[in-house]
Amino acid sequence: MTEEREARGDGQERPSTAADRRGRRSGPAPTGETRGGRSAVREARPARVSLFARLARFLREVVAELRKVIWPTRNQLVTYTIVVLVFVSFMVALVWLFDLVFAQGVQYVFGT
């Protein structure tokens, strides 16, 4: 593998472990004992936040995301609305036509 990289000329070695590929160090755990490959040290959990604080944060995030939306212009909105109405009208007519044909077929087959 190294010969292929040298032939390409980029001079970079391929990381040997998945942790190296993700940019993490593959050395021993910082502190504590390891159990099954995981560090026994646990991260501190944040304090519980009240329901109203969580709701307020959620609403702030919703508003922030809505500000990122590229809203259509009035002309685009009218165009899209017309396209949708034409398409829906076509589909209604097509279903009505199929219903009419199948109803006639059933009346022919069963003679009612």
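The values are calculated or read from the model by the stated rules, or taken from the named source; none is laboratory data. Everything quoted here is computed from the prediction, not taken from an experiment. Cβ placement follows ideal geometry from the backbone for every residue including glycine, while neighbour counts extend to all protein chains displayed.
Scanning the range 69-103 for residues that are at pLDDT below 95 and not aliphatic (A, V, I, L, M), which turns out surrounded by the fewest Cβ atoms within 10 Å (Cβ to Cβ)?
Trp71
Of all residues in the range 21-57, which are modelled with pLDDT of 70 or more and surrounded by 10 or more Cβ atoms within 10 Å (Cβ to Cβ)?
Passing the criteria: Val49, Ala53, Arg54, Leu55, Ala56, Arg57.
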